[in-house]
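Since the structure comes first, as structure tokens, the remarks are kept for the end.
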Amino acid sequence: MDDSLTVREQMREALERLGIICDQADSAEAAMRLLENHNYNLAFLDVVMPGTDGYELCRKIKQNAYTRLMPVLMLTSRSSPFDRARGALSGCDSYLTKPITWDTFSQAVDKALMKHFRNDRAQMIARGYRY
């Protein structure tokens, strides 16, 4: 989620380079509508957004029973210790700052997805699902 079309397109291209298909949202409200109708394995949020900011959206995602295990990565230009602390308090799994290198980006995505699928598998086993 980012209010900048340019940033959203750059993110889409970067994720496609990793073999990941993505949807885009230009606001927290649009992101929540997508989350209500689809199951996602990962979310990128910008902090500075019109209306609801990325911190608040992250809190909502982490409080929702259906999305709470989904990794949330903040990708923002805000890099102060205060901003990083707000990200951690909101529940984000990783707080990345712009500009970001390809290696840092791809490693963060890999780490988040590995954690997510490990959690997902553990949840399925705990519930008695077989696959």
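The values are calculated or read from the model by the stated rules, or taken from the named source; none is laboratory data. Just so it is clear, the model here is predicted, and its values are computed rather than measured. We place every Cβ from the backbone using ideal geometry, glycine too, and count neighbours over all the protein chains shown.
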Among the residues listed as R84, R78, the single one being more than 23 Å from M114 (Cβ to Cβ) and either in contact with a strand residue (DSSP E or B) (Cβ under 7 Å, 6 or more places away or on another chain) or not aliphatic (A, V, I, L, M) (or both): R78
Consider N41 against the criteria (1) free of Cβ contacts under 8 Å to residues at least 60 places away in the same chain; (2) touching a helix residue (DSSP H, G or I) at 6+ places or on another chain (Cβ under 7 Å): it satisfies all of them except one. Which criterion is unmet? (1)
With the requirement that a residue be assigned to a helix (DSSP H, G or I) and surrounded by fewer than 23 Cβ atoms within 10 Å (Cβ to Cβ), what does region 29-38 give you? E29, A30, M32, R33, L34, L35, E36, N37
Check whether at least one residue in region 48-66 is within 12 Å of the chain's Cα centre (by Cα), among the β-branched types (V, I, T) and at pLDDT 90 or above, and report yes or no. yes
Lone unmet requirement of (1) modelled with pLDDT of 95 or more; (2) assigned to a loop (DSSP other than H, G, I, E, B) for N41: (1)
Count - residues of region 109-122 that are surrounded by fewer than 12 Cβ atoms within 10 Å (Cβ to Cβ), more than 20 Å from M74 (Cα to Cα) and at pLDDT 60 or above: 1
Looking at K62 and the list (1) surrounded by 16 or more Cβ atoms within 10 Å (Cβ to Cβ); (2) under 19 Å from M11 (Cα atoms), which single condition is not satisfied? (2)
Is it the case that R78 is of a type in the set (K, R), more than 11 Å from the chain's Cα centre (by Cα) and under 23 Å from T6 (Cβ atoms)? yes
Among the candidates Y66, Y95, single out the residue that is touching a helix residue (DSSP H, G or I) at 6+ places or on another chain (Cβ under 7 Å) and not in a helix (DSSP H, G or I). Y95
Pairs only if they're at least six apart or on different chains, beta carbon under 8 angstrom, first in region 1-25 and at pLDDT 85 or above, second among the basic types (K, R); list them, first residue then second. C22/R12; Q24/R8; Q24/R12; A25/R33
So which of D53, D2 is buried (at least 16 other Cβ atoms within 10 Å of the Cβ), within 20 Å of A108 (Cα to Cα) and charged (D, E, K, R)? D2
